[in-house]
Amino acid sequence: MTSFDSAAARSDTGAARIDSVGTRSDAGVARFDEAIARDQRIEPADDMPEGYRRTMVRQIAQHAHSEIIGMQPEGDWITRAPTLRRKAILLAKVQDEAGHGLYLYSAAETLGADRGDLTRRLIEGRQKYSSIFNYPTRSFADVGVIGWLVDGAAICNQVPLCRSSYGPYARAMIRICKEESFHQRQGYELLMTMMRGIPAQREMVQDAVDRWWWPSLMMFGPPDADSPNTAQSMAWKIKRHTNDELRQRFVDMTVPQAEALGVTLPDPDLRWNAERGHHDFGQPDWDELRRVISGDGPMNAQRLRRRREADEDGAWVREAAAAHAAASSPAVSSTSGSSPAAASTASILEGER
Ligand code: ACO
């Protein structure tokens, strides 16, 4: 098995690794530890270990980037939706993803990070986003399968994050999960419609399921034994379940849905295990996940290029907004990476003191 702690797989937020030093005072450490033990929320002004702050910025930024990059695979189909109704649904869904990215960047800002700086780290390939968005969408059935499997996996992963210990992240997750539920339902309904159609439509659905099943399982991250961050994130109650626990929950939830739909999940080892009360299933290709995370997936270059172009195209809007803000309040001088907030992002993520 390949270690996910290798240099190739790490982003420059790797400094956010387990580290409980840096809290301002012994009393602050005690308050933080007590709040975690009592299952209370940590709020932006509360004392927190620097390792906790860096881990939160790392996870929230990666999550935000995933939402924004995640607009691309399905966005490609907006102009090719088969009916006005499907187009309206898809437009709404892709816009929702943009909104999720914005809530999450706002949550990262409560920790002292700078949104422009996080975006720059993404487009320079220094911060990660979900592996799942580096696969191509080949037919309209992919839109349905992304809704069903990818958003279904996102719900499994993110509903427990509504109880995550960091308040602004947990609260953002509540609305995100409600919207993801709509995304999942629209995907499943689209697939149901296609499965009731002609044989060519049913084949498109099965083909899309065959291509997206394994990458969907990879969304949950490496196996627990190979996950460098899980133990500390569980101790800090950022994560409420391990990667493997959530992957199992997703498989158990999805198998009956696949049966109702009439598709076959492409795993010869998938079967009910009465003793465990769960489905047994095969292992994804973990080397593939490592490659995709490291930038070598089928669509990584295109996804980042388009994100970079969008950032450049939007520069004039940000400049105009910054000029307006500066005119109304002299204290707000810049939204660029050279701002004090950007310097503080670097210090949070890289442990610069
Ligand atoms: N794609 C890209 N990177 C991944 C993936 C993946 N599927 N799985 C794990 N990684 C990265 C981790 O970010 C971590 O990188 P880093 O330490 O350099 O920052 C490294 O691989 C090792 O993984 P873990 O130790 O398991 O990392 P972590 O404890 O952060 O768990 C997980 C990863 C489960 C993705 C967690 O960060 C999480 O729950 N994030 C919030 C949900 C999210 O980001 N979802 C994105 C897709 S959902 C959507 O619809 C947009």
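The values are calculated or read from the model by the stated rules, or taken from the named source; none is laboratory data. Because the structure is predicted, anything quoted here is derived from the model rather than measured. Note: ideal-geometry Cβ built from the backbone for every residue, glycine included; neighbour counts use all protein chains shown. Calculation scope for accessible area: heavy atoms of the full protein, side chains included, ligands and nucleic acids excluded. Shrake-Rupley method; radii C 1.70, N 1.55, O 1.52, S 1.80 Å.
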Could you check, for region 133-147, whether at least one of its residues is closer than 30 Å to E34 by Cα and under 15 Å from the mean Cα position of the chain (by Cα)? no
For L289, are the conditions met, namely being in contact (Cβ under 8 Å) with a residue 12 or more places away in the chain and not in a helix (DSSP H, G or I)? no
Which residue is most open to solvent (accessible area, probe 1.4 Å), if the candidates are limited to region 270-290 and must be within 16 Å of R211 (Cα to Cα) and of a type outside the set (G, A, S)? Q283
What's the total number of residues in region 249-269 that are open to solvent by 30 Å² or more (accessible area, probe 1.4 Å) and within 30 Å of A37 (Cβ to Cβ)? 1
Need at least 1 residues that are more than 11 Å from the ligand (Cβ to nearest atom) and over 24 Å from K239 (Cα atoms) per element, so show me which helices (runs of 4 or more DSSP H) inside region 70-163 make the cut, counting only ones lying wholly within it. 71-75, 84-109, 115-123, 140-145
Suppose we filter region 203-230 for residues that are closer than 20 Å to M299 by Cβ and over 15 Å from the mean Cα position of the chain (by Cα); how many remain? 9
Exactly one of (1) under 17 Å from the mean Cα position of the chain (by Cα); (2) open to solvent by less than 30 Å² (accessible area, probe 1.4 Å) is unmet by D117. Its number? (1)
For a quick check of your reading of the model, give me the residue pairs whose first member lies in region 223-252 and is within 24 Å of E43 (Cβ to Cβ), whose second is in a loop (DSSP other than H, G, I, E, B) and open to solvent by 50 Å² or more (accessible area, probe 1.4 Å), with beta-carbon atoms closer than 6 Å and at least 6 apart or on different chains. Q232/I18
Hey, could you check region 204-238 for residues that are open to solvent by 40 Å² or more (accessible area, probe 1.4 Å) and assigned to a loop (DSSP other than H, G, I, E, B) and say which is farthest from the ligand (Cβ to nearest atom)? K237
